[in-house]
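Single-structure report; data block below.
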Amino acid sequence: MHRLNLWRTCLVTVLFSLGVVLLSALAGGVLQGWPGIVVAVVAGAGAGYFLWRTLVLPAREAERETAVLTTRLARSQAEVANQARTAVALRQQTEHLRSLFDLASDIIYVLDMEGTVVFVNQAVEEIMGYRPEDVLGKHFLVFTGGIDEETLWDQLNQGGISRYEFTFENHQGQHIILELNGHFMIEGDQPVAILGIVRDISKRKREQTELRLAKEAAEKAAEARTVFLANMGHELRTPLSVIIGYADIMGQDALSSGQDEYWVLAQKIKQAAQQLRTIVNDVLEITEIETGQVSFLLETFDITAVIKRVVNSNRTAVEANDNELLILVPPDIGFMFADQDKVQRALENLLNNAAKFTHNGSITLSVTRSTGGGQEPEWIVFQVADTGIGIAPEQHEKIFHAFEQVDKSFTRGYGGTGLGLAINQYICRAMGGKISFTSEAGHGSTFTMRLPAKVTAVDSMYVRA
Ligand code: ADP
């Protein structure tokens, strides 16, 4: 529509008045000339202004108001549509949350500040046997019976309830164990509700009890095994010592009466009995280690004397494979402070292995004292090197593990239990030392045992409780 303004309205009215004047002049000759024109202009302007104020302006105002109202209406409609969308989204979200809560296997609850249940999920039915609608609007103590309310409030005030356990008799009359967690929901800085989770931990508790009972049973069995083995050890060692002793006497007798073939037989009996004694000792010792039943006797002893005993007890084994034995011990090697029997036992095992895995070769047993200088502690370094079969690199990792043997020595005819090196490693570590080796398949091995010249303490984890 063509829009009118004040000037245009007046102009139209003036022109209209002039037209009227012109027509009336033509018709009757009244108000001719300038006065007629002036009257026509003034009357036209007045009439124009009047028309503008009474008709056009209110019309325009009304039009503007309509436009404003239309805009407002459109905006309100958009807002309403928006709110409707938000309400739908919120409803959907609430539904999702509700179905999520209902999927949960733990009870999720909200209590008001008086302890009345205002929300609870479906799990309450499965765990406690109540439908959510039975619980809603009621105080939580109605369902939880023997719970200590005071403790719960205390915990809530101190940051939250954490793993509060209580027993509950469910609808089937079974006593279940529940674990309660909860904390305040805060709005502004005021607690407005309590939100939490209740979990059925009966199964976990049962498993824990079963595990504890199984552990106790296993410990008892292990204890019984240790006692049995200790007794058996004694029963086995005694006859073996008798056999070894008599084989020795018989051998000596045979030798002095010139019956060499009997001497050889007696030697064989002695060797077999010694082998058996080593196996018995190994098995007993690893059992003691595994059950933490080892004791250490620390004392000062002459290193050379120990080396002599080690060599004597292994001479037969070394010579059996036509090996040459070289002993390198400095005359001033002196004394050390450690468990003498255990050092001897570890050296015997190394020498025995060297003798076992070397044929027509040489074995060198050496001892050195390494001085760190100044305040550094002194070490005694025992080394057993052989020119035997050696150990392939892929086996290096496992030879210190109990019962591990490269290629299963039993089947290859070397004998042994696979326990010797595991025991050696234990002995060295317990006394603050270490055992290592270098070896190449087909080119022999060198085992090195470093022990403190003065063992100050035996690592507590290795000592009999
Ligand atoms: P075992 O009673 O079998 O000798 P050990 O624990 O003393 O048990 O040794 C574990 C394995 O390490 C042996 O079976 C053998 O395969 C390997 N081994 C140990 N010492 C030597 C050696 N000097 N030469 C070659 N192989 C060795």
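All of the numbers you see were taken from the coordinates with simple rules; none came from a lab. It should be emphasised that the depicted structure is a prediction, and the values quoted were computed from it without experimental measurement. In this analysis, Cβ positions are derived from the backbone assuming ideal geometry, glycine residues included, and neighbour counts consider all displayed protein chains.
At-a-glance table
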{"quantity": "Where N is the number of residues in the range 152-235, Cα Rg divided by 2.2 N^0.38 Å", "calculated": "1.93"}
{"quantity": "Check: the chain dipole with +1 on Lys, Arg Cβ and -1 on Asp, Glu Cβ, in debye", "calculated": "2200 debye"}
{"quantity": "Assigned charges on the beta-carbon of Lys, Arg, Asp, Glu; the range 294-462 dipole about Cα centre (debye)", "calculated": "220 debye"}
{"quantity": "Lys pairs under 22 Å by Cα in the chain, provided they are eight or more residues apart or on distinct chains", "calculated": "16"}
{"quantity": "Computed [θ] at 222 nm, helices only, for the chain once each DSSP H run of length n ≥ 4 contributes -39500 (n - 2.57)", "calculated": "-18000 deg cm²/dmol"}
{"quantity": "Cα coordinate range in the range 6-80, projected on the principal axes (Å, largest first)", "calculated": "69, 17, 14"}
{"quantity": "Cβ-based charge dipole, the range 104-200, positive-most Cα from Val142, Met128, Gly159", "calculated": "Met128"}
{"quantity": "Listed residues Thr66, Ala392, Leu229: farthest to the positive end of the dipole of the chain (Cβ charges)", "calculated": "Thr66"}
{"quantity": "Size of charge dipole - the range 207-293 - debye, nearest 20, with Cβ of Lys, Arg +1 and Asp, Glu -1, no other charges", "calculated": "120 debye"}
{"quantity": "Within-11-Å neighbourhood charge of Asn321 [Cβ basis; K, R +1; D, E -1]", "calculated": "-3"}
{"quantity": "Environment charge at Gln267 (Cβ cut-off 15 Å; Lys +1, Arg +1, Asp -1, Glu -1)", "calculated": "-2"}
{"quantity": "Neighbour-limited loop hits for trypsin sites (Lys or Arg not before Pro), the range 95-191 (at most 16 other Cβ within 10 Å; DSSP other than H, G, I, E, B)", "calculated": "Lys138"}
{"quantity": "Charge tally in the Cβ shell below 12 Å around Val280, where Lys, Arg are +1 and Asp, Glu are -1, Val280 excluded", "calculated": "-1"}
{"quantity": "GluC sites (Glu not before Pro) restricted to the range 367-399 and DSSP loop, no more than 13 other C-beta within 10 Å", "calculated": "Glu397"}
{"quantity": "Rounded to whole Å, sorted largest first: equivalent-ellipsoid semi-axes of the range 239-346, Cα gyration tensor", "calculated": "29, 21, 12"}
{"quantity": "Ranked packing of 439-451, 315-327, most packed first, by mean Cβ within 10 Å", "calculated": "439-451, 315-327"}
{"quantity": "Cα-projected label distance for Leu255 with Gln275, points at 7 Å along beta-carbon direction, nm", "calculated": "2.1 nm"}
{"quantity": "Selected from Leu325, Asn424, Gln383, residue furthest toward positive end of dipole (the range 294-462; charges at beta carbon)", "calculated": "Asn424"}
{"quantity": "Fraction of antiparallel bridges per DSSP, the range 273-391 only, in percent to nearest 5", "calculated": "70 percent"}
{"quantity": "Cα pair count fraction exceeding 33 Å, expressed as % - the chain", "calculated": "67 percent"}
{"quantity": "Cβ crowding within 10 Å averaged over residues, with 274-285, 54-65 ranked highest first", "calculated": "274-285, 54-65"}
{"quantity": "Long-range Cα-Cα pairs in the range 207-293 (distance over 16 Å), rounded percent", "calculated": "64 percent"}
